[in-house]
Amino acid sequence: MKIAIGCDHGALALKESVKKVLAELGAEINDLGTFTEGSVDYPDIAEKVCAEVTSGRAERGVVLCGTGIGISIAANKIRGIRCALCSEAYSARMARAHNDANVLALGGRVLGPELAGDVVRTFFTQDFEGGRHARRVGKIMALENK
């Protein structure tokens with residue numbers, strides 16, 4: 001699976017930890033930055049990662065900022081993106097199974113590496129259940145046209 005990942009300065013260390021988990025899962029990782037602790041704007045990172053997902057160059061994405069909130073809001077402004085901010089495995093499982101989320105948001109100042117690893121493993125191994133959930137996801141996506 002091809003995964004695009006990016007973070008702002010508030011989540012650099014967690015991004016590196018997440019990349020190790022993704023590699024263990026056999027993912028091909030495209031790291032879009034940031035690569036230093038210098039301040040960057042998380043909407044710019046969200047835009048880069050989500051462009052990879054919406055273009056099909058990546059199957060899914062991971063975006064990280066200090067809390068995960070700002071970058072998830074930015075990601076969800078992009079047509080075709082269903083970004084879920086998850087801080088535990090149950091939400092990650094439901095984000096994939098029921099909402100077909102294609103981008104995972106994490107908070108670098110909120111999650112430690114072990115918990116983040118559990119969230120990532122769950123998100124990237126859970127399939128979308130479809131069925132009644134497909135109808136609901138279709139309705140979510142239709143909101144972009146209103």
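Does any residue of the range 131-142 turn out to be touching a Gly at 6+ places or on another chain (Cβ under 8 Å), more than 18 Å from Ala27 (Cα to Cα), in a loop (DSSP other than H, G, I, E, B) and without any contact (Cβ under 8 Å) to a residue 60 or more places away in the chain?
Within the range 131-142, the subset touching a Gly at 6+ places or on another chain (Cβ under 8 Å) is 141.
Filter again for more than 18 Å from Ala27 (Cα to Cα), leaving 141.
Retained after the next criterion (residues that are in a loop (DSSP other than H, G, I, E, B)): none.
So far as the range 131-142 goes, no, none of its residues is touching a Gly at 6+ places or on another chain (Cβ under 8 Å), more than 18 Å from Ala27 (Cα to Cα), in a loop (DSSP other than H, G, I, E, B) and without any contact (Cβ under 8 Å) to a residue 60 or more places away in the chain.
Considering Asp41, Asp8, which residue is among the acidic types (Asp, Glu) and either touching a Cys at 6+ places or on another chain (Cβ under 6 Å) or within 21 Å of Ala142 (Cα to Cα) (or both)? Walk me through it before giving the result.
Details: Asp41 fails: either touching a Cys at 6+ places or on another chain (Cβ under 6 Å) or within 21 Å of Ala142 (Cα to Cα) (or both).
Going through Asp41, Asp8 in turn, just one is among the acidic types (Asp, Glu) and either touching a Cys at 6+ places or on another chain (Cβ under 6 Å) or within 21 Å of Ala142 (Cα to Cα) (or both): Asp8.
Could you check how many residues of the range 4-27 are β-branched (Val, Ile, Thr) and not in a helix (DSSP H, G or I)? If you could, list the steps in order and put the result at the bottom.
Here is the first cut: in the range 4-27, the residues β-branched (Val, Ile, Thr) are 5, 18, 21.
With not in a helix (DSSP H, G or I) added as a condition, the list becomes 5.
The total comes to 1.
Residues of the range 15-28 being of a type in the set (A, V, I, L, M), over 13 Å from the mean Cα position of the chain (by Cα) and surrounded by 16 or more Cβ atoms within 10 Å (Cβ to Cβ), which ones?
Pass one, the range 15-28, residues of a type in the set (A, V, I, L, M): 18, 21-23, 25, 27.
Filter once more, keeping what is over 13 Å from the mean Cα position of the chain (by Cα): 21, 23, 25, 27.
Result: Val21, Ala27.
Consider only pairs whose beta carbons are under 9 Å apart and that are at least six residues apart or on different chains; among these, list those whose first residue lies in the range 60-89 and is closer than 16 Å to Val40 by Cα and touching a residue at least 12 places away in the same chain (Cβ under 8 Å) and whose second residue is assigned to a loop (DSSP other than H, G, I, E, B) and among the hydroxyl-bearing types (Ser, Thr, Tyr).
Gly68/Ser87
Of the residues that make up the range 39-56, is at least one farther than 19 Å from Leu85 by Cα and in contact with a His (Cβ under 7 Å, 6 or more places away or on another chain)? Give the steps one after another, and end with the answer.
As a first pass, look at the range 39-56 and keep what is farther than 19 Å from Leu85 by Cα: 39-40, 55-56.
With the extra rule that they be in contact with a His (Cβ under 7 Å, 6 or more places away or on another chain), the set shrinks to 39-40.
Yes, the range 39-56 has at least one match.
Being at pLDDT below 95 and out of contact with any strand residue (DSSP E or B) (no Cβ under 7 Å at 6 or more places or on another chain) narrows it down to one of Glu88, Glu47, Glu37, so name that one. Steps first, answer last, please.
Numbers: Glu88 fails: at pLDDT below 95; Glu47 fails: at pLDDT below 95.
Testing whether each residue is at pLDDT below 95 and out of contact with any strand residue (DSSP E or B) (no Cβ under 7 Å at 6 or more places or on another chain) leaves just Glu37.
In the range 92-107, what count of residues is obtained for those that are touching a residue at least 24 places away in the same chain (Cβ under 8 Å), more than 18 Å from Asp44 (Cα to Cα) and not in a loop (DSSP other than H, G, I, E, B)?
Count: 5.
Which residues, counting only those in the range 48-67, are in a helix (DSSP H, G or I) and surrounded by fewer than 18 Cβ atoms within 10 Å (Cβ to Cβ)?
Listed by number, the residues that qualify are Lys48, Ala51, Thr54, Ser55.
The values are calculated or read from the model by the stated rules, or taken from the named source; none is laboratory data. Computed from a prediction, not measured in an experiment: that's the story for all the values here. With ideal geometry, Cβ positions are generated from the backbone for all residues, glycine too; neighbour counts draw on all protein chains shown.
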